[in-house]
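What follows draws every value from the coordinates through simple rules; no lab data is involved. Source: prediction; values computed, not measured. As a convention, Cβ positions derive from the backbone with ideal geometry for all residues, glycine included, and neighbour counts pool all protein chains shown.
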Amino acid sequence: MAANYTILRWAGSKRQLVPLLSSYWRASQSKRYVEPFAGSACLFFNVAPKEALLADINLELIATYRQIKKDWKGVLAILEELDQSKQTYYSLRSLDSKKINNPLVRAARFVYLNRFCFNGLYRTNQSGQFNVPYGKTGSIPSELVFSRSSKLLKRAHLLAADFDETLRYVRKGDFVYMDPPFSVHNKNIFTDYDSSKFDFKKLIRLRKWMRRLSRMRIPFLVSYLESNEAKMLSEGFYKRIISVRRSIAGFSSNRKAAREFLISNILV
Ligand SMILES: C[S@@+](CC[C@H](N)C(=O)[O-])C[C@H]1O[C@@H](n2cnc3c(N)ncnc32)[C@H](O)[C@@H]1O
């Protein structure tokens, strides 16, 4: 398994696939790395590109990356003041992030909840309040992880946007890695990143973008759980099917081998 340089935990993160995924980035010989569904941006933090565009629809996530980029010491200082108890977790969780005026405090709260919540899940209720339970086994990222993350984020342009918008900024010389949420019917695995679900219409839009990127000769890589939808996405592109260990419904005790499609317009 690759070393883990990510600052956040994220359900559906592709940590175990980093060595394979990074071979696509290297083969593309691209100048800029683009990730429209960033999450914990596991591949980005591991390949450490010189230039990047990182985006996600999750505003709180991107706002947190912006603060780590700008002032990681400020975020860490606030985290170090907090005790690591279940009680503190629930009192931070009960705050309405929109009412926290200090962006450093808001970012520290996000990192704290992410690091101490159950299995790195991100889920909100209908009013947008984070509602994942306490996860017992968390830890605060080290100074080294914070400073490295900040250094790498300084090379990235950060965007809180739907992938459709992000992909409009793609240009020649880019490599695009897309790891969308699963939109498989009757399998509600890892779809709760945001109140807006990743439905079939979005999948069709993604497929259109894959074709457009190919016409523009821009190398891309898409990862997707084996399914009819993955077959639809892969039609006309190179595909590889690999086995991954995946926790079902976020329960790490319930890990199963799942098969994942890697779809690309370059042969690696
Ligand atoms: C499977 S996760 C990505 C995990 C990531 N590869 C990592 O290393 O952690 C999917 C991400 O897509 C984001 N997302 C969901 N719908 C989106 C949309 N329409 N546009 C952009 N991002 C979206 C979610 O917030 C989530 O962070």
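Divided by 2.2 N^0.38 Å, where N counts the residues, the Cα radius of gyration of segment 64-149 comes to 1.03.
A Förster distance of 35 Å, applied to the separation of the beta-carbon atoms of Glu235 and Asn125, puts the FRET efficiency at 0.40. Counting only lysines at least 8 places from Lys69 when in the same chain, those with an alpha carbon closer than 25 Å to its own are Lys14, Lys31, Lys50, Lys98, Lys99, Lys151, Lys154. Assuming charge only on the beta carbon of Lys and Arg (+1) and of Asp and Glu (-1), the dipole of segment 40-89 about its Cα centre is about 160 debye to the nearest 20.
Projecting the Cα atoms of Leu76, Ala48, Asn58 onto the charge dipole of segment 40-80 (Cβ charges, centred on the Cα centre) puts Ala48 farthest toward the positive pole. Overall shape of segment 103-159 was characterised from the C-alpha gyration tensor. The equivalent ellipsoid obtained from it has semi-axes of 23, 16, 9 Å, in decreasing order. According to the calculation over all Cα-Cα pairs in segment 207-249, the P(r) per 10 Å bin from zero is 23, 50, 22, 5 %. Between Ser142, Thr6, Phe110, the Cα set farthest toward the positive side of the dipole of the chain (charges on each charged residue's Cβ, about the Cα centre) is that of Thr6.
Can you give the extra length, in nm with one decimal, that the chain gains between Glu226 and Ile266 once fully stretched, where that is 0.36 nm per residue apart less the Cα-Cα distance? Please list the in-between numbers first.
Numbers: separation 40, 0.36 × 40 = 14.40 nm, distance 1.97 nm.
Gain in length upon complete extension: 12.4 nm.
Treating the beta-carbon of each Lys and Arg as +1 and of each Asp and Glu as -1, no other charges, what is the dipole magnitude of the chain about its Cα centre, to the nearest 20 debye?
Dipole size: approximately 720 debye.
Our estimate of slack between Ala258 and Lys99, defined as 0.36 nm per intervening residue step minus the Cα-Cα distance, is 53.2 nm.
If the only charges are +1 at each Lys and Arg Cβ and -1 at each Asp and Glu Cβ, what is the size of the charge dipole of segment 51-164 around the Cα centre, to the nearest 20 debye? Let's see the in-between values first.
Details: 17 positive and 11 negative charges, 31 e Å.
With only Lys, Arg, Asp and Glu charged at Cβ, the dipole is about 160 debye.
Exposed loop sites here mean trypsin sites (Lys or Arg not before Pro) with a DSSP loop assignment and at most 14 other beta-carbon atoms within 10 Å; the chain contains its longest site-free run at 51-135.
Stokes-Einstein diffusion of the chain at 10 °C, 1.306 mPa s viscosity, Kirkwood radius from Cα pairs, rounded to a whole number: 84 µm²/s.
Taking a straight Cα-Cα cut-off under 20 Å and skipping sequence neighbours fewer than 8 places away in the same chain, the lysines within cross-link reach of Lys208 are Lys172, Lys197, Lys231, Lys239. Here r is the Cβ-Cβ distance between Arg205 and Ser139 and R0 is 30 Å; the resulting FRET efficiency, rounded to 0.05, is 0.20.
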